[in-house]
Amino acid sequence: MEKFLYFNDGDNDVAMYPVKNLIAVTCASNTATVLKFAPGSLGEGQAASVDLATLTHGAGGEILIMKALARAINATGPQYSDGLIVVADDVESKYLAGFEGTVTAVDITIDA
């Protein structure tokens, strides 16, 4: 079963990407971690076809985020039986196990 990463930034921006489309997780600053997905909504072969999910977090939280994300992607068990991994949901204040309390917000950028 394919797994999907889910994001909701509370501004009517909701995104879900197959894990296979995650191409990078980078530390943009001491308080921001960026997940980059391709192709974005423009599709394959388009220069701007990359979507971003930027997680705002406490200082140094990027390491916790990267580890928790890797664990969730590779995990099996009943909590993942539907294939959905909620990474960040600002509306429900729900964040991936392992970085609740670290992440304070998510921002989704389409075709960055």
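The values are calculated or read from the model by the stated rules, or taken from the named source; none is laboratory data. Because the structure is a prediction, the values reported are computed rather than measured. FYI the Cβ positions are ideal-geometry reconstructions off the backbone, even for glycines, and counts take in every protein chain you see.
Residue count for region 48-68, restricted to those that are under 16 Å from THR104 (Cα atoms), assigned to a helix (DSSP H, G or I) and either touching a residue at least 24 places away in the same chain (Cβ under 8 Å) or of a type outside the set (Val, Ile, Thr) (or both): 5.
Against the numbered list (1) out of contact with any helix residue (DSSP H, G or I) (no Cβ under 7 Å at 6 or more places or on another chain); (2) modelled with pLDDT of 90 or more; (3) farther than 19 Å from ASP111 by Cβ, PRO18 comes up short only at (3).
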